[in-house]
Amino acid sequence: MEDESLRQSIAKFMSETFLFEFDTTVTPDTNLFDAGLIDSFGFTQLIAFLEETFAITLTEDDFASDDISSLNGIVRIVNRLRAAPGQLSSNTP
């Protein structure tokens with residue numbers, strides 16, 4: 001999946017689940033936690049979506065990474081994990 005398609009898929013999930021849109025105020029680089037757009041419950045929903053949709057397993061290092069806080073960072077994490085040996089990616093949209 002290309003970066004833009006991946007970004008759109010994740011952004012669509014976030015928009016539908018957390019009821020906000022990415023625009024000039026909320027950009028792909030916005031820290032979604034600092035902006036109050038995702039809370040701890042939302043974080044668990046996001047992790048479940050990422051792991052189920054993209055057949056990846058996030059690690060404690062991923063959870064602690066600054067990348068997990070923005071759309072562009074999440075895309076980087078998903079791409080890295082999908083490229084890692086042992087990751088299943090044949091079922092991804």
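The values are calculated or read from the model by the stated rules, or taken from the named source; none is laboratory data. Predicted, not measured: the structure shown is a model, and the values here were computed from it. A quick note on method: Cβ atoms are made from the backbone with ideal geometry, for glycine too, and the neighbour counts reach across all protein chains shown.
Specify which of the listed residues (Asp61, Asp3) is surrounded by fewer than 17 Cβ atoms within 10 Å (Cβ to Cβ), of a type in the set (Asp, Glu) and modelled with pLDDT of 95 or more. Give the steps one after another, and end with the answer.
Values: Asp3 fails: modelled with pLDDT of 95 or more.
One residue alone meets the criteria, Asp61.
Evaluate the stretch 28-37: report whether one residue or more is of a type in the set (Ser, Thr, Tyr) and either surrounded by 14 or more Cβ atoms within 10 Å (Cβ to Cβ) or in a loop (DSSP other than H, G, I, E, B) (or both). Walk me through how you get there before you give the answer.
Filtering the stretch 28-37 for residues of a type in the set (Ser, Thr, Tyr) gives 30.
Then drop every residue that is not either surrounded by 14 or more Cβ atoms within 10 Å (Cβ to Cβ) or in a loop (DSSP other than H, G, I, E, B) (or both), which leaves 30.
Within the stretch 28-37 (the criterion being of a type in the set (Ser, Thr, Tyr) and either surrounded by 14 or more Cβ atoms within 10 Å (Cβ to Cβ) or in a loop (DSSP other than H, G, I, E, B) (or both)), the answer is yes, since at least one residue qualifies.
Any residue in the stretch 66-81 that is over 20 Å from Ser5 (Cα atoms), in contact with a helix residue (DSSP H, G or I) (Cβ under 7 Å, 6 or more places away or on another chain) and either outside any loop (DSSP other than H, G, I, E, B) or without any contact (Cβ under 8 Å) to a residue 60 or more places away in the chain (or both)? It would help to see each step written out before you state the result.
Start the filter on the stretch 66-81 by keeping residues that are over 20 Å from Ser5 (Cα atoms), which leaves 66.
With the extra rule that they be in contact with a helix residue (DSSP H, G or I) (Cβ under 7 Å, 6 or more places away or on another chain), the set shrinks to 66.
Okay, now just the ones that are also either outside any loop (DSSP other than H, G, I, E, B) or without any contact (Cβ under 8 Å) to a residue 60 or more places away in the chain (or both), so 66.
Yes, the stretch 66-81 contains a residue that is over 20 Å from Ser5 (Cα atoms), in contact with a helix residue (DSSP H, G or I) (Cβ under 7 Å, 6 or more places away or on another chain) and either outside any loop (DSSP other than H, G, I, E, B) or without any contact (Cβ under 8 Å) to a residue 60 or more places away in the chain (or both).
Within the stretch 28-47, how many residues turn out to be under 19 Å from Arg7 (Cβ atoms) and among the small types (Gly, Ala, Ser)?
2
How many residues does the stretch 1-27 contain that are assigned to a loop (DSSP other than H, G, I, E, B), of a type outside the set (S, T, N, Q) and free of Cβ contacts under 8 Å to residues at least 12 places away in the same chain? Show your work before the answer.
Keep residues of the stretch 1-27 that are assigned to a loop (DSSP other than H, G, I, E, B), which gives 1-2, 19-27.
Checking which are of a type outside the set (S, T, N, Q) leaves us with 1-2, 19-23, 26.
Checking the rest, the ones that are also free of Cβ contacts under 8 Å to residues at least 12 places away in the same chain come to 2, 19, 21, 23, 26.
The qualifying residues number 5.
Condition check ((1) of a type outside the set (Asp, Glu); (2) under 12 Å from the mean Cα position of the chain (by Cα)) across all residues:
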site: Thr24; (1), (2): yes, no
site: Ala35; (1), (2): yes, no
site: Asp39; (1), (2): no, no
site: Ala55; (1), (2): yes, no
site: Asp61; (1), (2): no, no
site: Ala64; (1), (2): yes, no
site: Ser69; (1), (2): yes, yes
site: Ile74; (1), (2): yes, yes
site: Ala83; (1), (2): yes, no
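Just name the residue that is nearest to Phe49 (Cα to Cα) out of those in the stretch 6-27 that are among the β-branched types (Val, Ile, Thr) and surrounded by 10 or more Cβ atoms within 10 Å (Cβ to Cβ).
Pass one, the stretch 6-27, residues among the β-branched types (Val, Ile, Thr): 10, 17, 24-27.
Filter once more, so that each one left must be surrounded by 10 or more Cβ atoms within 10 Å (Cβ to Cβ): 10, 17, 26-27.
Values: Ile10: 9, Thr17: 10, Val26: 21, Thr27: 20 Å.
Looking at residues that are among the β-branched types (Val, Ile, Thr) and surrounded by 10 or more Cβ atoms within 10 Å (Cβ to Cβ), I get Ile10.
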